Every structure is written in C-alpha cells, then in structure tokens.
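The values are calculated or read from the model by the stated rules, or taken from the named source; none is laboratory data. Treat the numbers as computed from the prediction; the structure is a model and nothing was measured. No Cβ is skipped: glycine too gets one built from the backbone with ideal geometry, and neighbour counts run over all protein chains shown. These accessible areas exclude ligands, DNA and RNA; they are computed on the full protein's heavy atoms, side chains included. Shrake-Rupley method; radii C 1.70, N 1.55, O 1.52, S 1.80 Å.
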Amino acid sequence: QVQLVESGGGLVQPGGSLRLSCAASGSIFRLNAMGWYRQAPGKQRELVAAITSGGRATYADSMKGRFTISRDNVKNTDTVYLQMNNLKPDDTAVYYCAASAGSGWAIRDIDYWGQGTQVTVSS
C-alpha cells in the first residue's frame, strides 16, 4: 500500500505563486508516475501535470509555462512537487496528488490518491 500526503495549499493573490508537495510512503517501489489532478466546484477532476520515475513530465495545456512539476526519490521517500506561478482565479480548486504503478495517466489508471489540498486564487 502507498500513502500520499499533500502540503502547500492556501490563499494567494492573482499573479502569485505557490508550491505544492506530496510525499509518498509505503510500497513506493510500486510507483511509476506521480502527479497532480485538480477539481473546481461543479467541475470534473482534471489533469494538471504528471512525471514518470524516469523524469518525463506531462502538462495540461492551460498549465504549460506556468506550472513546473519535479520529483525526488531518495531512499525510502518519493516526493513530487508542483511549482505554480502566475496563478489565476481559474486555478482555484482542490489539488489532489495521484500516483500510478503503470504507464497510464488517465483517472482510471490512478492507483493512489491523496486527501487533497485547497488552492484559492483571489484578491
């Protein structure tokens, strides 16, 4: 089993930045891709970004150039980060850390979910 714990959400003004972190523990040897989804009120959960164990990153089009995903795998911990710059009110959502043991990254491919962290972009 794998546990994912997120941190770093909060309230930020438009144009500001936040950095989300997600620490994986447990059977992390099973993990291939890690990344982030988000869900705004009344909307479906959508991909933000993902990164494989080999370092290959994928971004949703609306996040390219503003968000950067990175990952550290050291000893018994696997941590994924999401640096979010130039935040917009439309980025307001609950951000969920996600992990997959396989190569797919659709919602149906996700094996593990974090509890979610709220990001609010407002003046």
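Laid out as a table, the results:
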item: Residues of segment 62-93 satisfying the condition of being among the polar types (S, T, N, Q) and at negative phi; result: S62, T68, S70, N73, N76, T77, T79, Q83, N85, T92
item: Residues located in segment 67-123, provided they are over 14 Å from the mean Cα position of the chain (by Cα), of a type in the set (A, V, I, L, M, F, W, C) and under 21 Å from S17 (Cα atoms); result: L87, V121
item: Residues of segment 31-60 classified as open to solvent by 50 Å² or more (accessible area, probe 1.4 Å) and modelled with pLDDT under 90, total; result: 2
item: Residues satisfying the stated conditions in segment 21-41, i.e. within 19 Å of G9 (Cβ to Cβ), not in a strand (DSSP E or B) and not hydrophobic (A, V, I, L, M, F, W, C); result: P41
item: Hits in segment 43-83 - residues which are aromatic (F, W, Y) and out of contact with any Lys or Arg (no Cβ under 7 Å at 6 or more places or on another chain); result: Y59, F67
item: Scan of segment 94-123 for residues that are among the small types (G, A, S) and on the phi < 0 side of the Ramachandran plot, ordered by number; result: A98, A99, S100, A101, G102, S103, G104, A106, G114, S122, S123
